[in-house]
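Chemist: Got a structure here, written out as C-alpha cells. Questions coming.
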Amino acid sequence: MYKIGLTGGIGSGKSRVADLLAEWGAAVIDTDVIAHELTAPGGAAMEPIRQHFGPDVVAPTGALDRQAMRELVFDSPQARQQLESIIHPMIKSVVQQRAEEAQGCYLVVVVPLLVESGQWRNRLDRICVVDCDEATQIHRVHARSGLTEGIITRIMSAQATRRERLAVADDIVLNDAHTSVEQLVARTRSLHENWCKLARQAS
Ligand SMILES: CC(C)(COP(=O)(O)OP(=O)(O)OC[C@H]1O[C@@H](n2cnc3c(N)ncnc32)[C@H](O)[C@@H]1O)[C@@H](O)C(=O)NCCC(=O)NCCS
Ligand SMILES: Nc1ncnc2c1ncn2[C@@H]1O[C@H](COP(=O)(O)OP(=O)(O)OP(=O)(O)O)[C@@H](O)[C@H]1O
C-alpha cells in the first residue's frame, strides 16, 4: 500500500489533517493514539514503565500518570530516552500489524517524531509536513489543553525545528495563524487528490 508519513510539531494540526484524509477514504494509523493505548490501564507499556520509573508515574487506575511523566521527561533528556526506548519499539510493531490490515486508497501514518527518530523514512513513500509557526503552536496547545507556555516550550525544544522538518518534506500543508479551516481543507484536499493518483500509479 502507498504510504504517506504525516508529521509536524506539537499543535501544528496533524490530527485535523489526518481526520480529513480518513473522511475522504485514506487509511490512517496515528502513533500518538497507539502510545495512548499502550499506556492505558493494562496497556503493554505499563509494566515496563512501572518497573523502570516506579509507582509515582502510575495513576490509581493503572494508566500512565501523563502529567507526572510529562514533567519528568521534558525536564530530563535521559528520562525521555528511557521512556522512548520502552515505548517506540512497541509502537513500531503495532504500526506494522495495523498496516498489514489497513484498507483505503493509501495509508497515512501520523508520526510526530518522524524527523527526530530517523527510522521511519525508509518505510514511507512520501513525507508530508503540517507546517506552523512556533507562536501559533503555543497558542493552540495552550487553548486546547491549558498547558503553560513553559511546558509547551520544553516539549517543543525536544522536537525538531520547523526548518529541520521542512528540509525532509515532499509535501507541505501550511497551517499557520493566518490559515482558516476552509483553507486547511482546500490545501489538504489537493494533496489527497495527488496522493490518490500516485497510489494508483504505484499499484
Ligand atoms: C510524555 C507523555 C506521557 C505526555 O503525555 P501528554 O498526554 O501530555 O501528550 P500526548 O501523548 O498526547 O502527546 C502530545 C504531543 O506531545 C509531543 N510528544 C510526545 N512524546 C514526545 C517525545 N518523546 N518527544 C517530543 N515530543 C513528544 C508530540 O507532539 C505529541 O503529538 C506522552 O507524550 C508520551 O508517552 N510520550 C512518549 C511516547 C512518544 O514518543 N509519543 C510520540 C509518538 S511517536
Ligand atoms: N487552521 C486552524 N484554525 C483553527 N484552529 C486550528 C487550526 N488547525 C488546528 N487547529 C486547532 O489547534 C489544535 C491543535 O490541532 P491538532 O490537534 O490537529 O494538532 P496536532 O498536530 O495533532 O497536535 P499534537 O501534536 O499535540 O497531537 C486543535 O485544537 C485544533 O482544532
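Readers should treat all values here as calculations from the given coordinates under stated rules, not as data from a laboratory. Fair warning: this is a prediction, and the values are worked out from it, not measured in the lab. We place every Cβ from the backbone using ideal geometry, glycine too, and count neighbours over all the protein chains shown.
Chemist: What list of ³J(HN,Hα) values in whole Hz, one per residue of the range 27-39 in order, does the Karplus curve 6.51 cos²θ - 1.76 cosθ + 1.60 (θ = phi - 60°) give from phi, with Gly and Pro shown as x?
Modeler: 7, 10, 10, 10, 5, 5, 5, 5, 4, 5, 5, 5, 10
Chemist: Can you give me the long-range amide H partners of Asp65? Hydrogens built in the peptide plane at 1.01 Å from N, cutoff under 5 Å, separation of 5 or more residues or another chain.
Modeler: Val58, Ala59
Chemist: If the only charges are +1 at each Lys and Arg Cβ and -1 at each Asp and Glu Cβ, what is the size of the charge dipole of the range 108-203 around the Cα centre, to the nearest 20 debye?
Modeler: The calculation lands at about 280 debye.
Chemist: Divide by every residue of the chain the summed helix terms, -39500 (n - 2.57) for each DSSP H run of at least 4, and state the resulting mean residue ellipticity at 222 nm, rounded to the nearest 500 deg cm²/dmol.
Modeler: Value at 222 nm, helices only: -17000 deg cm²/dmol.
Chemist: Looking only at Ala59, Ala35, Ala169, which one moves most when the chain is put into a Gaussian network model with springs between Cα atoms under 10 Å?
Modeler: Most flexible of the set in this elastic network: Ala59.
Chemist: Something else about it: In the Gaussian network model of the chain, springs joining C-alpha atoms below 10 Å, which of Ala27, Ala45, Ala143 carries the largest mean-square fluctuation?
Modeler: Among Ala27, Ala45, Ala143, the largest GNM mean-square fluctuation belongs to Ala143.
Chemist: Count charges around Thr7 for me, please; just the other residues with Cβ under 15 Å from its Cβ, Lys/Arg as +1, Asp/Glu as -1.
Modeler: +1
Chemist: Amide H to amide H under 5 Å from Gly5: which residues, 5+ apart in sequence or cross-chain, H placed 1.01 Å off N in plane?
Modeler: Residues meeting the amide H criterion: Val109, Asp125, Arg126, Ile127, Cys128.
Chemist: Cα centroid distance between the range 26-53 and the range 99-173, in Å?
Modeler: Cα centroid of the range 26-53 versus Cα centroid of the range 99-173: 19 Å apart.
Chemist: Any idea what Rg and Dmax come out to for the chain if you just take the C-alpha atoms, in Å?
Modeler: 17.3, 52
Chemist: Compute the distance in nm between two label points, each set 7 Å from the Cα along the Cα-to-Cβ direction, one at Ser117 and one at Arg200.
Modeler: 3.2
Chemist: Using a 7 Å offset from the Cα along the Cα-to-Cβ direction at both Leu174 and Ala68, what is the distance between the two label points in nm, to one decimal?
Modeler: Roughly 4.5 nm, to one decimal.
Chemist: Considering only Val130, Val33, Val58, give the residue with the highest GNM mean-square fluctuation for the chain, with springs between Cα atoms whenever their separation is below 10 Å.
Modeler: For the chain, modelled as a Gaussian network with Cα springs under 10 Å, the answer is Val33.
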